[in-house]
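The numbers here are math on the coordinates, done by the rules we state, and not lab data. In this text, all values refer to a predicted model and were calculated from it rather than measured experimentally.
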Amino acid sequence: MAKEIRIKVDDETYEELQRRAADGHEDPDQYASRRLTDDLARTRFLEGARAFVEEHGQAFADRFGTGPSSHAA
């Protein structure tokens, strides 16, 4: 279920939000919601990737190498 949040931003930020929303033919509220959702999804992905590297990075490097000249066996 969708929840509503209210945030305060300075005038410059709000004007940029309106401009970017208009560029995409989107309502500013919808644009802000989509950007927030996308940013949180990206953050979750990066945190998951970091956790993977911390847990499995050395084994992965041992198996496949670490540089551009490395070749999968």
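Brief remarks on what is shown
- Debye intensity ratio I(q)/I(0), log10, the chain, q values 0.18, 0.25 Å⁻¹ (C-alpha model): -0.79, -1.18
- Helical mean residue ellipticity (222 nm; -39500 (n - 2.57) per DSSP H run of 4+; nearest 500) of the chain: -24500 deg cm²/dmol
- Full-extension gain in nm, V9 to F60, via 0.36 nm per residue minus C-alpha separation: 14.0 nm
- Rounded to 10°, Cα long-axis angle of helix 28-64 versus longest principal axis of the chain: 10 degrees
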